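Asker: Questions regarding the structure given below will be posed in turn.
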Amino acid sequence: MQKWLDVAVSAPAHSQVGGLLTYATELALEVGQLVRVPFGKREVLGLVWAVHDRLPENVSTHQVKNTSAALDGVVPLSPHWRQLVQFAAQYYQRSLGEVAMAALPPQLRDLTPAQWARRLKKTSDTATRVTSSLPSAWPLSEQQNAVLAEMEVAPGPFLIHGATGSGKTEVYLQAIARCMAQDPEAQALMMVPEINLTPQLEERVKARFGAQGVVSMHSGMTGPQRLKSWLAAHNGSARIVLGTRMAVFASMPKLKWIVVDEEHDASYKQQEGARYSARDLAVYRGRLEGAKVILGSATPSLESWHHSRPASEGGRYQRLSMPARIGAGQLPFVRRVDMNHQPRKTVLSAPLMAAIQERVAKGEQSMLLLNRRGYAPVLHCADCGWKSECAHCSAFRVFHKIDRTLRCHHCGFTERVPHACPACGNADIAPMGRGTEQLEEHLAALLVDVKRPDGQPVRVMRIDADSTKLKGALEAQLADVHNGEVDVLVGTQMIAKGHDFRRITLVAAINPDGALFSSDFRAPERLFALLMQAGGRAGRDAAQSASSEMWVQTFHPAHALFEALKKHDYPAFAEQQLKERLEAGLPPHTFQALLRSDAREQTVAQAFLNFGNARLQDWMSAMSEQDAALLSQVSVFPAVPMSIQRVANVERAQMLIESPSRMALHKALALLQQVLFESRSLPTHKGLIRWLVDVDPLAI
Ligand code: ADP
Ligand code: ZN
Ligand code: ZN
């Protein structure tokens, strides 16, 4: 019998179809099934979103094409899964079809029904028995037991705030093992930030639960591997999915636990297409499916920390603390070098160099951490300390080299770069945090006369995005560090994360100050997390931990961030930051979104966004009182060029939208998107290439 289907296909976000198209079919199809449908001149993958007995009213028969074929043989995607996709599409302001298709393994898009059938045959769908060994080789610590007991009785979501090496991962595995011991079909999703950390963890999880029931999902896998993992999760034979942010969309019919490890990590935010936060979607998904959720970190995001305040104050997550490290391991002793007392233009201070030499002589390793300039440059005067603050907000203005302006990315306030320091007249004003490009050579020169215990010269190695471009390069470099081939390791945040270096006893941050005075209000939060994490690389061998040190070279040794770091006191740091954010009206106390536009010319990119804002203000005067009241809670700021203003001859602009009310923010965004869509082809917008929305952006 003839039926009509709404099918989700990968249509661009702003096309009128919103990603759903109507097709006719004679096949007996259900909601949630995968189909192939004609789309333009091609045939594409689609997902049945609704089935109608009659042709929907707003569609005419001659527009409707026939569904080509079904990819059957597996159960349809569940209502929960579809609801997750729908929520993500609505929240991150993309089309349903785009999000649905991006959430499926890419290889699915290219398979013919015959190829699909062959793939299915290869995958057995008998649920795997997981051989989880409940207590492990050792008795759990008191702290671990307390956290596990709490998680058994309370609903969550839980935020585990635990020092590196406090045994968090063991807690995740135990919680999952206990659940699986009770429920023979239960599935668990475990998310981690980075691919290069997954192998270690993967071995640990497989050793615990048996290799059969564990699959991975990350972008380093081939198409066929990803499809295989996806199918195993979808049919229930995989009991544990271990993956990066994309795994939040894994189809898991018996999902009972979700773990988000290192939940503060920026890589949980997707940076293209639907710009979703896998951490936030994990919390939503947990509630939707009745699965328990653990977010874990030594330095939680301030959003999650704020959410885990007492319920009486509006908190929604339950905070669980694991302050003590397993065994006798101690956190490194923090030393601050006051760079005001060092000769001008010093890159590596004398006391730090002496300490490194001492470590080398003992056959121990040191790690020097460079702050990659992952944030926009702020101008400063090295003589008097003047910085390019905004006169109108508690923000620093960004130095735009192209037109030599200082622009506030918050309120848009713009001035030309002054010829000299406005405070003291010094002509030498420059972006903060420069001068470390040559660090590696500089360091080698300083260490030229120093010998290792075996009489060999000191070996310095740099690990960063450049040194690791070639496949396998990072692994090879890390192996050299582990084998003791390297005495001093220099690198960016890449070396700070997760690695289990056994012989590093000294970690030093060379130039962290730039992040204290950044135009990006999240920079201090990231710096603190980075330094804590880097510190966690020192003294991992308990025998050496007592003598391990973390050095910080700074012009601001008394800064609250370093005071908190010295005490390894994340709560104190968080408290101080949240207070500052409250006073400045910043997240998590308010909500933000960015509208971005790309055009051939910067003026057009900005004009397009400003046009949208002007129309929104016009509309407000004609709206119902109730709607206008809601929208009056939204601030839309003038468009500014992005920090990296031009990429491949495309000019980029952004506009900040802010509100204390999420609902108001979303309403404004929906209206703005509509205006932009309608005005995209106006003559004044000639040269416009595209625009996009970033809800809860990680940087403005
Ligand atoms: P985290 O995830 O907090 O960094 P892990 O769970 O990885 O901590 O534990 C740190 C180290 O301590 C690991 O080598 C782990 O095998 C070990 N470990 C964890 N729990 C215990 C325990 N109860 N007794 C002894 N060792 C443990
Ligand atoms: Zn000055
Ligand atoms: Zn401002």
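The values are calculated or read from the model by the stated rules, or taken from the named source; none is laboratory data. Here the structure is a predicted model, which means the values were calculated and not measured. All Cβ positions, even for glycine, are placed from backbone atoms using ideal geometry, and neighbour counts span all protein chains on display.
Asker: Look through ARG325, ARG336 and report the one residue that is buried (at least 18 other Cβ atoms within 10 Å of the Cβ), within 16 Å of ligand 1 (Cβ to nearest atom) and not in a helix (DSSP H, G or I).
Answerer: Every option except ARG325 fails the conditions.
Asker: Being within 16 Å of ligand 1 (Cβ to nearest atom) and either touching a Pro at 6+ places or on another chain (Cβ under 8 Å) or not aliphatic (A, V, I, L, M) (or both) narrows it down to one of GLN342, GLN365, GLN357, GLN330, so name that one.
Answerer: The unique qualifying residue is GLN330.
Asker: Okay, next question. Of all residues in region 197-220, count the ones that are surrounded by fewer than 18 Cβ atoms within 10 Å (Cβ to Cβ), in contact with a strand residue (DSSP E or B) (Cβ under 6 Å, 6 or more places away or on another chain) and small (Gly, Ala, Ser).
Answerer: Result for region 197-220: 0.
Asker: Still on this model: Determine which member of the set PRO587, PRO557 is farther than 25 Å from GLU263 by Cα and assigned to a loop (DSSP other than H, G, I, E, B).
Answerer: Going through PRO587, PRO557 in turn, the sole match is PRO557.
Table: residues versus (1) in a loop (DSSP other than H, G, I, E, B); (2) within 16 Å of ligand 2 (Cβ to nearest atom).
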| site | (1), (2) |
| --- | --- |
| HIS380 | no, yes |
| CYS384 | yes, yes |
| CYS393 | yes, no |
| PHE399 | no, yes |
| LEU406 | no, yes |
| HIS409 | yes, no |
| GLY412 | yes, no |
| PRO418 | yes, yes |
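Asker: Filtering region 368-422 down to residues that are of a type in the set (D, E, K, R) and under 24 Å from the mean Cα position of the chain (by Cα), which residue is nearest to ligand 1 (Cβ to nearest atom)?
Answerer: ARG372
Asker: Report the residue count in region 222-247 for those that are free of Cβ contacts under 8 Å to residues at least 60 places away in the same chain and touching a helix residue (DSSP H, G or I) at 6+ places or on another chain (Cβ under 7 Å).
Answerer: 4
Asker: Quick check on region 153-169. Is at least one of its residues assigned to a helix (DSSP H, G or I) and under 30 Å from GLN477 (Cβ atoms)?
Answerer: yes
Asker: Looking only at residues that are of a type in the set (Lys, Arg) and closer than 22 Å to ASP428 by Cα in region 330-387, which one is modelled with the lowest pLDDT?
Answerer: This residue is ARG373.
Asker: What pairs come up if the first residue lies in region 80-105 and is over 17 Å from SER277 (Cβ atoms) and hydrophobic (A, V, I, L, M, F, W, C), the second is assigned to a helix (DSSP H, G or I) and at pLDDT 95 or above, and their beta carbons are under 6 Å apart, counting only those six or more places apart or on different chains?
Answerer: Pairs found: ALA100/VAL85.
Asker: Sticking with this structure for a sec: If SER597 satisfies all but one of (1) at pLDDT 95 or above; (2) closer than 30 Å to ILE644 by Cα; (3) over 27 Å from the mean Cα position of the chain (by Cα), what's the number of the condition it fails?
Answerer: Condition (3) is where SER597 drops out.
Asker: Looking at region 633-651, I want the residues that are among the charged types (D, E, K, R) and have a partner that is part of a loop (DSSP other than H, G, I, E, B) with Cβ atoms under 7 Å, at least 6 apart or on another chain. Which pairs are those?
Answerer: ARG646/ILE402; GLU651/ARG600; GLU651/GLU601
Asker: Would you point out which residue out of ASP513, ASP464, ASP500 is surrounded by fewer than 20 Cβ atoms within 10 Å (Cβ to Cβ), touching a residue at least 40 places away in the same chain (Cβ under 8 Å) and over 23 Å from SER297 (Cβ atoms)?
Answerer: ASP464
Asker: A further question on this structure: Within region 478-502, track down each residue that is more than 17 Å from LEU527 (Cα to Cα) and touching a Gly at 6+ places or on another chain (Cβ under 9 Å).
Answerer: GLY484, ASP487
Asker: Among the aliphatic types (A, V, I, L, M) and either part of a loop (DSSP other than H, G, I, E, B) or surrounded by 19 or more Cβ atoms within 10 Å (Cβ to Cβ) (or both): does that describe VAL51?
Answerer: So VAL51 fails the test.
For (1) crowded, with 19+ Cβ neighbours inside 10 Å; (2) assigned to a strand (DSSP E or B); (3) of a type in the set (Asp, Glu); (4) in contact with a helix residue (DSSP H, G or I) (Cβ under 7 Å, 6 or more places away or on another chain), each residue gets a yes or a no:
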site: MET1; (1), (2), (3), (4): no, no, no, no
site: LEU5; (1), (2), (3), (4): yes, yes, no, no
site: LEU21; (1), (2), (3), (4): yes, yes, no, no
site: ALA24; (1), (2), (3), (4): no, yes, no, no
site: LEU27; (1), (2), (3), (4): no, no, no, no
site: GLY32; (1), (2), (3), (4): no, no, no, yes
site: VAL35; (1), (2), (3), (4): yes, yes, no, no
site: PRO38; (1), (2), (3), (4): no, yes, no, no
site: LEU45; (1), (2), (3), (4): yes, yes, no, yes
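Asker: Can I ask one more? Do the conditions hold for SER321, that is, is it in contact with a Gly (Cβ under 8 Å, 6 or more places away or on another chain), on the phi < 0 side of the Ramachandran plot and not hydrophobic (A, V, I, L, M, F, W, C)?
Answerer: Yes.
Asker: Here is a follow-up. Could you please let me know if GLY484 is touching a strand residue (DSSP E or B) at 6+ places or on another chain (Cβ under 9 Å) and at positive phi?
Answerer: yes
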